[in-house]
Every structure is written in C-alpha cells, then in structure tokens.
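S.K.: Structure provided below as structure tokens; questions to follow.
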Amino acid sequence: MNVRDVIASVPREPFIPEEIFVRNEAGWLVPLRRSDDPEQWRERVEVDGPIVTRAEPDPALPGEVCDPVTGRGMISTSSSSAPFIMARLIEAMELEPGMRVLEIGTGTGYNAAVLARITGAGNVISVEIDPVAASSAREALKTVGLPVKVVTGDGEAGYPPGAPYERIIVTASAHTVPYAWVRQVRPGGLIVVPLAATVHPDWPLAVLKVQDDGTAQGRCLGPSPFMPLRAQHVSARSVQETEERWAAAGKPEASRFGVTVTPAGQRIWLDSPDNPVV
Ligand SMILES: C[S@@+](CC[C@H](N)C(=O)[O-])C[C@H]1O[C@@H](n2cnc3c(N)ncnc32)[C@H](O)[C@@H]1O
C-alpha cells in the first residue's frame, strides 16, 4: 500500500471550511473566505501544505492586543496538516486493514478519512477537543462516505470505551506522552506521536511500541512539526534550552534519541534507555 496514493484517493476539499486563515505580509493570520476569493481558496486546498482552519487570540497576550480582523495576535488552533506530513505519520504506523485505530486531534477529519480508507471506517475513532471542529469533521466524514466516530473531548485521556487499539496516532505535538495512551494500546501496538522541541530542536516524530510489561518504548524519526496539544504548550525559553543542551551534546541526530513511558512517567534517552538525558 502506497500511503501517498491513498491520500490522493480521498478528496481534501469536503474537509476544508468556507473560512480558512492565511498569513498576510505582516505575518498575521487573516481570514480567507471561499466566497470572497474562490481561486486562492482552491489553490490552498490543492497545494501540499497545511491549511489553518481555526484561529483564536493568543492567550499569552493581553486581550486588547489581539484583533481577529487584522489578525494581530491570532494563533492557529486547528488545521488540516500538509499531506506530505500526514503521509510521514501514517507510514510510521505500519497500518493493516482491520486494525483498530485511535486518532488524537481530529481537526478537519481529513487524516481520519485516510486512516478509515485503509482500515475501515468502523475501526477508527478520533478525539477532538474543539467542539466546532469536531462537528464539521463529523459532517465531512459522512459526506465522503467514511463515517468515523468523532468524540468531542480531551484526547490526553485517550478514549477507553474503544480500547484496546492496535495503533494510536497523535496529530498534535506532546512534550509528555500520557500513560493513558500506553494503557489503551495492545502489547505490540504502536503510538505515533510528534514530540515538542523539548527533546530535539527538529520537533521529531516518536514511534513507541507497547511492551508486554505495560510500558512503551521507541525512537525518534525525522521532523514532524505540529501545533501542541491544548495543555502541552512549550515556552520559547524551553525550546531555546533544548537547542542549547543539544548543541552542547554535539548536535546528535534525532534518530539517536528515544523515549520510554511507564506508569511512573517518561524518560528521554540518547542511544540507549540506560542513558537518560532529560
Ligand atoms: C494539526 S490539527 C489536526 C489535523 C487533523 N488531523 C486533520 O487531518 O485535519 C491539531 C488538532 O488537535 C486538536 N487538539 C489539541 N489538543 C487536543 C487534545 N488535548 N485532545 C484532542 N484534540 C486536541 C486541536 O483542536 C486541532 O484540531
């Protein structure tokens, strides 16, 4: 199965709302409505890039600084990921038809649709924290004939009623992998999760295998920059500290880093689990 071909077989357009957001010359996120500029809207849908679909005032800024009309102080809170990044994550999942999958971060529902095309819609559950995004994803998934179950809630808790899963895919970044995900995956199953730049400056993708003893362990792959899970924002300062620590260690490749998750918490290591670095 070629993941890029599967992605190409699912239309993206039904998942993209009438109003999307683009950066203006000042770098601010401004609305772009399909009805105002159908050509530019369509161009965004066809390009292999991310599309911002929800924007909110940056909670780190004073309210009066933010303005949805000019885009000043607005940040992206949901998007349709770039198809090439989706492919990177789905390839790492080593999916087979019939596998039970939990996705954290439904967003537009487009990635869930691709997962459903591979495993069957009845095998995919997706959790989204933003009720507006969850509701339009549900509609779009029905429209394309892939009625995935979309749950509105905090995906950091996973979704126990659907467990056990063979795979969990997270389409937002985490600095800390919640143990709830490990508990809900069968031994031998995989958790594919983009890590925040608190491990390596590339925002690497981690692929963790759940072990018989109820822990999960695995290594990092190449870059997979994603917006953070709602409660897992990282400060510019901690990103800078990661960069400094990494430079002081001789700039090791992301693939030399690994992660172990146990009920007691998470350990990041370099080369081997008995060489913890954070
Ligand atoms: C990059 S978007 C996901 C892209 C999506 N998979 C798609 O195909 O359109 C990240 C999404 O994660 C959601 N999110 C953030 N924190 C979450 C959490 N704790 N639980 C569930 N969803 C969360 C955001 O609201 C956002 O919609």
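S.K.: Taking the stated definitions as given, is Val234 farther than 22 Å from Ala87 by Cα and in a loop (DSSP other than H, G, I, E, B)?
M.R.: yes
S.K.: Could I ask something else about it? Inspect segment 57-77 for any residue being under 25 Å from Leu115 (Cα atoms) and under 23 Å from the mean Cα position of the chain (by Cα) and give the result as yes or no.
M.R.: Yes, the conditions are met somewhere in segment 57-77.
S.K.: While we're on this one: All but one of (1) assigned to a loop (DSSP other than H, G, I, E, B); (2) touching a strand residue (DSSP E or B) at 6+ places or on another chain (Cβ under 6 Å) hold for Glu96; state the number of the condition that does not hold.
M.R.: With (1) assigned to a loop (DSSP other than H, G, I, E, B); (2) touching a strand residue (DSSP E or B) at 6+ places or on another chain (Cβ under 6 Å) applied to Glu96, the lone miss is (2).
S.K.: Continuing with the same structure: Out of the residues in segment 10-56 that are of a type in the set (S, T, N, Q) and more than 21 Å from the chain's Cα centre (by Cα), which is modelled with the lowest pLDDT?
M.R.: In this case the residue turns out to be Asn24.
S.K.: Please go through segment 163-212 and give me each residue that is open to solvent by 30 Å² or more (accessible area, probe 1.4 Å) and of a type in the set (Phe, Trp, Tyr), ordered by number.
M.R.: Tyr179, Trp203
S.K.: While we're looking at this one, here's another question. Residues being in contact with a helix residue (DSSP H, G or I) (Cβ under 8 Å, 6 or more places away or on another chain) and surrounded by 12 or more Cβ atoms within 10 Å (Cβ to Cβ): count how many of those fall in segment 233-277.
M.R.: Here the count works out to 6.
S.K.: Tell me yes or no: at least one residue of segment 52-62 is in contact with a strand residue (DSSP E or B) (Cβ under 6 Å, 6 or more places away or on another chain), more than 16 Å from the ligand (Cβ to nearest atom) and among the aliphatic types (A, V, I, L, M).
M.R.: Checking segment 52-62: not a single residue is in contact with a strand residue (DSSP E or B) (Cβ under 6 Å, 6 or more places away or on another chain), more than 16 Å from the ligand (Cβ to nearest atom) and among the aliphatic types (A, V, I, L, M).
S.K.: Restrict the check to segment 37-52 and report whether at least one residue is within 28 Å of Ser235 (Cα to Cα) and in contact with an Asp or Glu (Cβ under 9 Å, 6 or more places away or on another chain).
M.R.: No: zero hits.
S.K.: In segment 75-95, which residues are closer than 26 Å to Gly188 by Cα and open to solvent by 50 Å² or more (accessible area, probe 1.4 Å)?
M.R.: Hits for segment 75-95 are Arg88, Glu91, Glu94.
S.K.: Given (1) of a type outside the set (Val, Ile, Thr); (2) more than 26 Å from Glu46 (Cβ to Cβ); (3) touching a Ser or Thr at 6+ places or on another chain (Cβ under 9 Å), where does Ser136 come up short, assuming only one miss?
M.R.: Failing condition for Ser136: (2).
S.K.: Pairs please, first residue from segment 145-160 and more than 8 Å from the ligand (Cβ to nearest atom), second anywhere and open to solvent by 50 Å² or more (accessible area, probe 1.4 Å), Cβ atoms under 7 Å, 6+ apart in sequence or on different chains.
M.R.: What qualifies is Leu146/Arg117; Val150/Arg138; Thr152/Pro131.
The values are calculated or read from the model by the stated rules, or taken from the named source; none is laboratory data. Here the structure is a predicted model, which is why all the values come from computation and not from measurement. Quick reminder, even Gly has a Cβ in these numbers, built from the backbone with ideal geometry, and neighbours come from all protein chains shown. Only protein heavy atoms, including side chains, enter the accessible area calculation; ligands, DNA and RNA are left aside. Shrake-Rupley method; radii C 1.70, N 1.55, O 1.52, S 1.80 Å.
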